[in-house]
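Each remark here refers to the structure printed beneath this line.
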Amino acid sequence: MKIAIIGAGPRGLLIAQQILAQLPKAQVKLFDPFSIGGQTWQTDQSANLIMNTPAEQVQEFDFVPNLFEWSQEQAEDFIKSESAISDDLVQDLRGLVANGYPTRRLFGAYLQFCFQTLPVTEQLKVEKNLVSKIEQQDGQWRLSWESHQENFDQVVVTINSGREKLRGQTKTLLEGAQRNNLVYQVPNVQMPTELIANIPDGENVIIRGLGLNFYDILAQFLAHWQGDFYRDHENLLQYQSSGKEQHLIVGSRNGLPHYPRPLNQDGPDSERQGRFLSVEGVKSWAATRGCTYYQAFDQLVRLEVELAYYKRQLEIKGDFDCVQFEKDFMAQAGLPTIYNLQPLDWSAVLNPLQNVTDGNYQSQALNWLDQVTFDANRGSRHGLLLTGLDAIRGLYNTIRDIYIDPVISDDNFKNQFLTGFARHFTFLISGAPSFRLEQLSALIRAGVVELLPPKMEVEITSGKFQAFSSLTANDKFSANYLLEARQPSRNLADSDNPLIKNLLVEGWLTHRILKVNGQKIDLACPHINEHYQIFNKDNQLVESLFVFSQLNEGERWLTNVCPRSGDDYDRRAAQMIVQTIQFNLS
């Protein structure tokens, strides 16, 4: 029996480990042009690019140390023993703390270490090449790469969409940039460092997007500038210019960066059991209150956040019994009136600057940034609002279970979840570490960064990029440089990866279609079943072809996180996939 795993990133390694454990006689081949770690986790990338998960919460296999433990015990010897890994990575170990954020290249070295913990066997091989085509032949899958072909019985695809096809405004802007000799960086997995180094000092640079990719770009600029950060007498972070800075004009549709990630105080395993939220809790709440499953889910998530938020208020006051308060709150499913606490204003949480006038937007945004970073720096257990919001982080597995529950998660639920909770979640929980937002605040104070109001627009006028907010269309910034700070689209149809395009053209992959109120809604993800097996264009289950990657966002939730310490969802999924392969072959 032969099994192909396409992609040697964290998920590909999970599948390989499970196959060796459950099917030790199977022949396994891992395909990845970037070898172990995949494209995102290469060990030769910049040390300025960091993970968004604390070191103590990153763990590939359940039998290896987590990333922080490894960094303290085995990492230095391993790095020095590997000729393909630069000894410079040893510097990434210095000063790393359990709840600190490791470099991406260090995680790449960790993945190579984890791969080497697998049993040494001739059954497992790595092919450093890009699979460009899959076709079915005589009940097997024929994989093609370069001038080679090989047949396999089962195939697991773990790669992401890769580069994005040029279409819509992206294509229009690129064509306009080429005509006018402008520089346009399209959405990319990684920003080329040489591009930033070649931009003249003092030049306007437009950056569109304020998600995690924005901070990757900002980190590259900071490394080039080599200015200094320091704290003033009020403990605010300030920036001392080196004189090499460009002027960054940044913005997004929302107008604000995501809430910062608070300092982790939950240890290696942050997963916790909800007081309100569970699969059965959603069903019970909907039944007893006569509401939809999504309304029940949304309300129970809010109650989890509110409970953590109000308990922190009481702890700060120091004169109430928090245990009794929790009992009272749960009994009433809300804030009892006998407690004199400040109610949580969800409207203000979801839209913090909703009442700010355009004229003072940046100063108000700066105040908000300073407030939320101060709160985040107090920690996941000792903050206030950020402690409340962080309760969601401890419920990841519960929310994932709810999202795939066959009773709860029909097409209506999925549509409301993806357009409601998932959109809000990104803003509330998926932000960068707080020190990144502090740096942004300092750069705004120093005049290096200009933050646009919401509804950012970009166009080409008079041979220049023009950036502005549609709320203040007369205030425009001109530039020769435009950098897109968003991840490439995960939409299958947008992928420029030859394998994804091949699978779409041949009809092996097809979009998941939701049917809501008589309308069809085309999701970006492939149609898969509960075992990650795909449905083809004829809606037939293809039992021997699996997709286990970020492409599945929409059929699954939160597919862009690395394996975690504790009860990790991806490890469970990998085990189930290999059990399904074993069943296929029995």
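The values are calculated or read from the model by the stated rules, or taken from the named source; none is laboratory data. Predicted model, so just to flag it, every value in this text is computed and none were measured. Glycine also receives a Cβ, built like all others from the backbone with ideal geometry; neighbour counts cover every protein chain displayed.
Details
- Complete set of residues in the range 217-250 that are within 25 Å of SER478 (Cβ to Cβ) and in a helix (DSSP H, G or I): ILE217, LEU218, GLN220, PHE221, LEU222, HIS224, TRP225
- Sole exception among (1) farther than 30 Å from MET51 by Cβ; (2) in the same structural domain as ARG179 (by TED's automatic domain parsing) for TRP508, by number: (2)
- Within the range 307-337, if we keep just the residues that are under 34 Å from the mean Cα position of the chain (by Cα) and part of a loop (DSSP other than H, G, I, E, B), the residue that is surrounded by the fewest Cβ atoms within 10 Å (Cβ to Cβ) turns out to be ALA333.
- Qualifying positions in the range 144-182 - at pLDDT 95 or above and among the aliphatic types (A, V, I, L, M): VAL155, VAL156, VAL157, ILE159, LEU173, LEU174, ALA177, LEU182
Residue-wise test of (1) farther than 30 Å from GLN140 by Cα; (2) in contact with a strand residue (DSSP E or B) (Cβ under 8 Å, 6 or more places away or on another chain).
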residue: ALA16; (1), (2): no, yes
residue: ALA26; (1), (2): no, yes
residue: THR40; (1), (2): yes, no
residue: THR43; (1), (2): yes, no
residue: THR53; (1), (2): yes, yes
residue: GLN59; (1), (2): yes, yes
residue: SER81; (1), (2): yes, no
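- Flag if ASN340 is without any contact (Cβ under 8 Å) to a residue 24 or more places away in the chain and part of a helix (DSSP H, G or I): no
- Some residue of the range 281-288 being surrounded by 19 or more Cβ atoms within 10 Å (Cβ to Cβ) and modelled with pLDDT under 95: no
- Any hit, the range 193-205, residues being part of a loop (DSSP other than H, G, I, E, B) and either under 30 Å from the mean Cα position of the chain (by Cα) or modelled with pLDDT under 95 (or both): yes
- In the range 66-82, the residues that are outside the structural domain of ALA98 (by TED's automatic domain parsing) and under 14 Å from ALA55 (Cα atoms) form no Cβ pair under 9 Å with any partner that is part of a loop (DSSP other than H, G, I, E, B) and hydroxyl-bearing (Ser, Thr, Tyr), whether six or more places apart or across chains.
- Number of positions in the range 228-239 that are surrounded by fewer than 21 Cβ atoms within 10 Å (Cβ to Cβ) and in contact (Cβ under 8 Å) with a residue 60 or more places away in the chain: 4
- Options LEU395, LEU418; residue that is of a type outside the set (S, T, N, Q), in a helix (DSSP H, G or I), over 29 Å from MET456 (Cα atoms) and within 24 Å of the chain's Cα centre (by Cα): LEU395
- For the range 366-384, a tally of residues being farther than 21 Å from ALA442 by Cα and buried (at least 22 other Cβ atoms within 10 Å of the Cβ) returns 2.
- When PRO453 is tested against (1) out of contact with any Phe, Trp or Tyr (no Cβ under 7 Å at 6 or more places or on another chain); (2) in a loop (DSSP other than H, G, I, E, B); (3) of a type outside the set (Val, Ile, Thr); (4) in contact (Cβ under 8 Å) with a residue 40 or more places away in the chain, only condition (1) is not met.
- Test for LEU14: is it within 21 Å of the chain's Cα centre (by Cα), crowded, with 24+ Cβ neighbours inside 10 Å and in the same structural domain as ARG572 (by TED's automatic domain parsing): yes
- Among the residues of the range 348-362, those identified as outside any helix (DSSP H, G or I) and out of contact with any helix residue (DSSP H, G or I) (no Cβ under 8 Å at 6 or more places or on another chain) are ASN351, ASN355, THR357.
- Helices (runs of 4 or more DSSP H) enclosed by the range 44-160 - at least 2 residues per element that are of a type in the set (A, V, I, L, M): 75-81, 104-116
- Among the residues of the range 147-204, those that are farther than 15 Å from LEU482 by Cβ, among the aliphatic types (A, V, I, L, M) and surrounded by 17 or more Cβ atoms within 10 Å (Cβ to Cβ) comprise VAL155, VAL156, VAL157, ILE159.
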